[in-house]
Amino acid sequence: MSRSRQDTRIKIVHAREVFDSRGQPTVEVEITCDGGRTGSAIVPSGASTGQFEAYELRDNDPARLGGRGVLRAVGHVNDVLARAIYGMDAADQSAIDERLCQIDGTANKSRLGANALLGVSLAAAHAAAAARELSLVEHLHELWLAILPGPSRSSVAATSTTACAPATLGTRLTLPLPMVNMISGGLHAGRNLDFQDFLILPVGARSYRDALTQIVSVYHQLGRLLSTAGFEGVLVGDEGGYGPKLTDNEQALALIVEAIEAAGLAPGRDVALGIDVASTHFYDGTRYNLVAGGQRSVDAAGLVDLLESWVERYPIISIEDGVADDDWAGWELLTRRLGRRVQLIGDDLFVTNAERLRQGIARGVANSVLIKVNQIGTLTETLSTLRTAIDSGYWPVISARSGETEDSTIADLAVATGAGQIKIGSVARSERLAKYNQLLRLEERLASRATYAGGEIFESLRSG
Ligand code: PGA
Ligand code: ZN
């Protein structure tokens, strides 16, 4: 069937205020093309936000929704941004995103708001896919393949002081290995624990469906263990992980190991552990202030010592934001100590910003980057950061925010780019399951056209 360029010409751009999984206002954008096809997207929102993230524009009107309203961002979409991209080709994502950034004109998107820009950027991708009669994953895959890889990867491993992601990442449609929150602390669960996420990675599973099934089994076993241990009626945190008041951070690891065993799986071989320390949020500029299990404050070396002692005793394969986002010396130490054995993810450190990631690569810190679309604010910039990561041997992890909605774009994005991993939160709460279930659908629909990124992506850690 023939398609004319007219089909993807942008005719209507419309935004509205909707609500996210914490009942907070957020931006939804709908774009209609000349041919009548529409696409829409809803913008997520973080709680443990990094200081270097693109700017989320809120109304700050204390008389309405505690100042959290997004009517100004919505207004910017319906007015200035709608006019700016009217008549453009929705399929030309990079031209649209360039125009959005140009109209905003600030380095961190603070004039119109990254939430306004991202809504338009993602809705354009959905509209283009619909107009082209492609599924979103296929359209995103084309956009991804259009971003050419950088110079050959061969030099990366030789010069790196850390383990390195396989060169196969990013080359084809791939169902991601999920990294899933079991126990929540930090800002997501009333600071019951200092560390934000205690996660599992089903590294032994052979398919995405098997991986998810194992995760669900462990999650239910953990729930049972917690209630037997007296945490009756234990509540879940913002991302669906359990939020028990444990005696200390380490108890979370021990309980998860027990739950893995109770599910009939082998800790380490079948299911490995991960932690999002989210340390920026208990760092005062010089010291890390821990509360759970007795107040104490440690410097970066003390925190790295603690993490290393856990790596010795638990099958931990991934640590995110092990030190704070502006503690570069701490990052160098952490990477020197653990970079060969553990995936070290920069979230607040890199904020999906290619420039910050390049700084990190140059300084040899971390070996992985969390990819959150709203930290940078457009799809094209997200793809570019992802490309930079893969070209440099850094493991990318596509991630949701703690404030999410039924929008499941990141599931398609993870598969389309072959990034290899995804982090969405736990397997409870529908804003999380919207993505996990979309991945199940994609696995089925793509069948042999897609591969699955299992634990083999961590080969260099095991051998290093
Ligand atoms: P956030 O948390 O969305 O609240 O920033 C997620 C994370 O830190 O990974
Ligand atoms: Zn994080």
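Counting only Cβ charges, +1 for Lys and Arg and -1 for Asp and Glu, the dipole size of the chain around its Cα centre is about 660 debye.
Among the lysines of the chain, pairs at least eight places apart or on separate chains and with Cα atoms under 19 Å apart come to 4. The protection proxy used here, the mean number of other Cβ atoms lying within 10 Å of each residue, ranks peptides 341-347, 85-91 as follows, highest first: 341-347, 85-91. With the biggest extent put first, the Cα atoms of region 172-234 measure 43, 25, 15 Å across the principal axes.
Counting only alpha carbon atoms, the long axis of helix 430-446 and the longest principal axis of the chain meet at about 70°.
In region 1-77, taking the dipole from charged Cβ atoms about the Cα centre, the farthest positive-side position among Ile42, Gly67, Phe52 is held by Ile42. For region 42-82, the Cβ-based charge dipole about the Cα centre amounts to some 120 debye (Lys, Arg positive; Asp, Glu negative; other atoms uncharged). In the chain, one over the average inverse separation of all distinct C-alpha pairs is 22.2 Å, which is the Kirkwood hydrodynamic radius.
In whole percent, how big is the carbon plus sulfur part of the accessible area of region 37-179, probe 1.4 Å, protein atoms only? Answer for region 37-179: carbon and sulfur cover 54 percent of the accessible area. Dipole size of region 257-410 about its Cα centre, with +1 on Lys/Arg Cβ and -1 on Asp/Glu Cβ: approximately 480 debye, rounded to the nearest 20. In this structure, the amide hydrogen of Tyr452, modeled 1.01 Å from its nitrogen in the peptide plane, lies closer than 5 angstrom to those of Leu175, counting only residues at least 5 positions away or on a different chain. For Leu199, nonlocal amide neighbours, meaning residues 5 or more places apart or on other chains whose placed amide H falls under 5 Å from its own, are Met182, Gly274, Ile275, Asp276.
Applying D = kT/(6 pi eta Rh) to region 1-91, where Rh is the Kirkwood radius over alpha-carbon pairs, T corresponds to 20 °C and eta to 1.002 mPa s, the Stokes-Einstein value obtained is 146 µm²/s.
Expressed in Å, the radius of gyration and Dmax of the Cα atoms of region 308-413 are 13.9, 41. The residues of the chain expose on average 36 square angstrom of accessible surface per residue, using a 1.4 Å probe on protein heavy atoms.
Against the chain, whose longest principal axis is taken from its Cα atoms, helix 328-338 shows a tilt of about 60°.
When the charge dipole of the chain is built from unit charges on Cβ atoms (+1 for Lys and Arg, -1 for Asp and Glu) and taken about the Cα centre, the candidate among Ala300, Ala165, Ala447 whose Cα reaches farthest toward its positive end is Ala447. A cut-off of 5 Å between modelled amide H atoms, ignoring neighbours fewer than 5 places along the same chain, links Arg191 with Gly186. Taking all Cα pairs closer than 8 Å and separated by 6 or more residues, the relative contact order of the chain comes to 21 percent. Ordering Glu28, Glu406, Glu332 by accessible surface, largest first, gives Glu406, Glu332, Glu28; the 1.4 Å probe counts only protein heavy atoms, with every chain in place.
Which angle from 0 to 90°, rounded to the nearest 10, does the C-alpha axis of helix 379-391 make with the longest principal axis of the chain? Its long axis makes an angle of about 50 degrees.
The values are calculated or read from the model by the stated rules, or taken from the named source; none is laboratory data. The structure presented is a predicted model; accordingly, all values stated were derived computationally and were not measured. Don't worry about glycine lacking a Cβ; one is built from the backbone with ideal geometry, like all the others, and counts go over all protein chains shown. Calculation scope for accessible area: heavy atoms of the full protein, side chains included, ligands and nucleic acids excluded. Shrake-Rupley method; radii C 1.70, N 1.55, O 1.52, S 1.80 Å.
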